[in-house]
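**Q** Provided herewith is a single structure, encoded as structure tokens, for subsequent inquiry.
Throughout, read-outs are computed from the coordinates displayed, never taken from laboratory work. The structure presented is a predicted model; accordingly, all values stated were derived computationally and were not measured. For neighbour counting, all protein chains shown are included, and Cβ atoms are generated from backbone atoms with ideal geometry for every residue, glycine included.
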């Protein structure tokens, strides 16, 4: 015989979910939800407006004469060379910046004492506030001449590689110099994000690894890195996005042309899309402006595709981690 236990007077049975999670809430919840939706819609509208503008203004540049394609027979030939230069310098800067960024972030979050970690993090954050033209001047005037002997050494020792086979530039203003400058520019972005992600690793996971006899590095490898994998990918992709769109620093540091080349220390370097637009915008003829806007449309679409790929990689890593 079953009996039913009645709740004491004045009490009601608990709900399955709190009212705030059942879609209820007060005016504040409704206002916040509305503002969030409006902000998201406005961002999408702004992106769509930019894409439509670039498309309408840039389509005429696809069919102008070859005189406006910087020595290339067609727009496709020009934009493929510019895409190569854009991707090349961005990837090379990532190869230089990512190991340093991860190392500095890990040092700040897990190795450095508090009295040292705080000022180092401040210095890294301040690097992000330096204008790109300042980095460009530093690279063109100081860094290029400083590492020019390194170009000579690379040519003498590794000249059998296509990267270092050309005769080194006499002023050091090369793809290698531009990659180093760009690496310094994207270093604060990757470092700051990775530092925050490493610091959010659950303390119990780290203490459990240490209690099992793991060394500090093994704890980082098996507890911190798996937890922070998706965030690390996001930080690296944000740095890549900054590198793809950088204009002044790259155009000031190296002389370039829309060509396919792997050379990193020679006088002939591939040109990025952003640098091509900046260097040719003074030629304000309608046809040239249309070509440059079409190049901007390609850069916009390429950056959007890279960000979409990053989101897919992050989501895939997160799903594996949850599983």
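**Q** Comparing 217, 312, 30, which has the greatest mean-square fluctuation in the GNM of the chain with Cα pairs linked when under 10 Å apart?
**A** With Cα springs under 10 Å in the chain, the top fluctuation among 217, 312, 30 is at 30.
**Q** How high is the FRET efficiency from residue 171 to residue 47, r the C-beta distance, R0 41 Å, rounded to 0.05?
**A** Working: r = 40 Å, r/R0 = 0.98.
The pair residue 171/residue 47 has a calculated efficiency of 0.55.
**Q** What does the C-alpha gyration tensor say about the overall shape of region 241-316? Classify as rounded when a/c is under 1.5, otherwise prolate if a/b is larger than b/c, or oblate.
**A** Working: a/c = 2.47, a/b = 1.32, b/c = 1.87.
Oblate, because a/c is 1.5 or more while a/b does not exceed b/c.
**Q** Subtracting the Cα-Cα distance from 0.36 nm times the residue separation, let me have the gained length for residue 130 to residue 100 in nm, one decimal. Show your work: numbers first, answer last.
**A** On the way: separation 30, 0.36 × 30 = 10.80 nm, distance 1.88 nm.
Extra length from residue 130 to residue 100 when fully extended: 8.9 nm.
**Q** With springs only between Cα atoms under 10 Å, which of 213, 71, 61 fluctuates most in a Gaussian network model of the chain?
**A** 213
**Q** List residues of region 157-192, by number, whose backbone nitrogen lies under 20 Å from a label position 7 Å along Cα→C-beta of residue 306.
**A** Output list for this probe position: 174-192.
**Q** Treating the angle as unsigned and between 0 and 90°, give the value, to the nearest 10°, between the Cα long axis of helix 286-322 and the longest Cα principal axis of the chain.
**A** 40 degrees
**Q** I've got another one for you. As I understand it, the value is the acute angle between the Cα axis of helix 114-127 and the longest principal axis of the Cα atoms of the chain; what does it come to in degrees, rounded to 10?
**A** Approximately 50 degrees, to the nearest ten.
**Q** Kindly express, to the nearest 10 degrees and within the range 0 to 90, the angle between helix 148-158's C-alpha long axis and the longest C-alpha principal axis of the chain.
**A** Once rounded, one gets 90 degrees.
**Q** Assuming 0.36 nm per residue, please report the length gained on full extension of the stretch residue 268 to residue 77 beyond their Cα-Cα distance.
**A** On the way: separation 191, 0.36 × 191 = 68.76 nm, distance 1.78 nm.
Stretched fully, the residue 268-residue 77 segment lengthens by 67.0 nm.
**Q** Could you check which residue among 110, 205, 151 shows the biggest mean-square fluctuation in a GNM of the chain with a 10 Å Cα cutoff?
**A** 205
**Q** Does region 38-115 come out rounded, prolate or oblate, given a ≥ b ≥ c as the square roots of the eigenvalues of its C-alpha gyration tensor, rounded meaning a/c under 1.5 and, failing that, prolate meaning a/b above b/c? Don't jump to the answer; show the numbers that get you there.
**A** Working: a/c = 6.37, a/b = 1.69, b/c = 3.77.
Oblate, since a/c reaches 1.5 and b/c is not below a/b.
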